[in-house]
Amino acid sequence: MSGWGFNWSPTGNINLFGLITLAYLGTEVPLNMGGEIVERRVVTRHLLWGTLLVLVGYFVATYSLLVVQGSAVGSVGGFSLVTNVDMVLGKFAGSITALCIIGFFVMVPIVYNYTFARLLLVAGIDQRLPMNIGRLNKHRVPANAIIFQTSAAIIFTFLVFIVAPYVTNLGKPSDLANEVYNVSQAGATLVWAISTAFFFINIAIFFRDRRNFHRQRIFPRPVLIASVILGPVSCLVAILDTLFFSWIPQIDNNHWWYIIGGLTLICLIIALFRCLKMNDRRCVIIRQRHPLPR
């Protein structure tokens, strides 16, 4: 086992659990477009075959690295697979693999941007963001949400990866880019894991409505019960692991805790502020429509 690089000590590779969790949290992204799905079978097929394909894909990719390179593998990343293919099938096949991985980094932001715009659409409809973000164009597409999200991503990328290295003295620009990338990903993991836990919590709540819930459910009862138990536990473990164990050697665990915890706390405070502000606005509207008797 030691030759395969397993090390579960606090200074080992236990921090990989949070990173792996981030990879699996994206499996439900297509369901953000559930309001545009007509056939129910599309949802069931995605939940079944999509989940299986993701599990098999990650397992095969990681297993191949361990079998070919063993403990010599530096990291379980995309371009480690290129090295793997070079060693087994030659440079030509490795070049094709590299092109496919580069294409992945082009296509995935487009897909994520297009699907997550639906969340901004809902936030605009609920008035947690300006209502213009929730407007559709003539093709029934949330174009304003897509444009807003794309602009925000471009500005963030420009400031962090181009401006910041030249106006700050925080070490090598390459290290700064790597640190910002991993910190932002870790912060996204915490926020995403917290929100994902409510999927399972909601299932536990809906269980009480036996008539409607069990008439609509598409998975057997034992599967849902296991999900309700294992889902929140996995999210909690991912949150603690991501919070206490640094993903990169440039930031030690003590500083990592403050940076990731502070970033996540800021996001949660902003979300709480928006919720409270929205509730106050709804209370004002209700009072205007239904004034209290004097």
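Can you sort D126, D252 so the residue with the fewest Cβ neighbours within 10 Å comes first?
D252, D126
Taking the mean number of other Cβ atoms within 10 Å as a proxy for protection, how do you rank 235-242, 102-109 from highest to lowest?
Going from most to least packed, we get 235-242, 102-109.
Apply the a/c threshold of 1.5 to the C-alpha gyration tensor of segment 49-163 and tell me whether it is rounded, prolate or oblate. Don't jump to the answer; show the numbers that get you there.
Values: a/c = 2.96, a/b = 2.28, b/c = 1.29.
Taking the square roots of the gyration eigenvalues as a ≥ b ≥ c, segment 49-163 is prolate.
For segment 120-233, what mean projected area does the convex hull of the alpha carbons give, in nm²? If you can, show how the numbers build up before the last one.
Details: hull surface 45.2 nm².
Its average projected convex-hull area is 11.3 nm².
Dipole of segment 49-157, Cα-centred, from +1 at each Lys and Arg C-beta and -1 at each Asp and Glu C-beta, to the nearest 20 debye?
440 debye
For L119, L243, L19, which order do you get if you count the other beta carbons within 10 Å of each Cβ and list the fewest first?
Working: L119 14, L243 17, L19 21.
Ascending Cβ contact count within 10 Å gives the list L119, L243, L19.
Could you check the simple spin-label distance between D126 and L47, using points 7 Å along Cα→Cβ, in nm with one decimal?
So the label points at D126 and L47 sit 2.1 nm apart.
Rank these for me by crowding, W247, W192, going from fewest to most other beta carbons within 10 Å.
Numbers: W247 22, W192 18.
Arranged by neighbour count, lowest to highest, W247, W192 become W192, W247.
Which whole-Hz couplings ³J(HN,Hα) result when phi for each residue of segment 194-210 is put into the Karplus expression 6.51 cos²θ - 1.76 cosθ + 1.60, θ = phi - 60°, listed in order with x for Gly and Pro?
Listing the rounded values in order: 5, 5, 5, 4, 6, 4, 6, 4, 5, 4, 4, 5, 5, 4, 5, 8, 4 Hz.
Read-outs throughout are calculated quantities, based only on the coordinates presented, and are distinct from any laboratory measurement. Computed from a predicted model, the values in this text were never measured in an experiment. Positions of Cβ are generated from backbone atoms using ideal geometry, with glycine treated the same way; all protein chains shown enter the neighbour counts.
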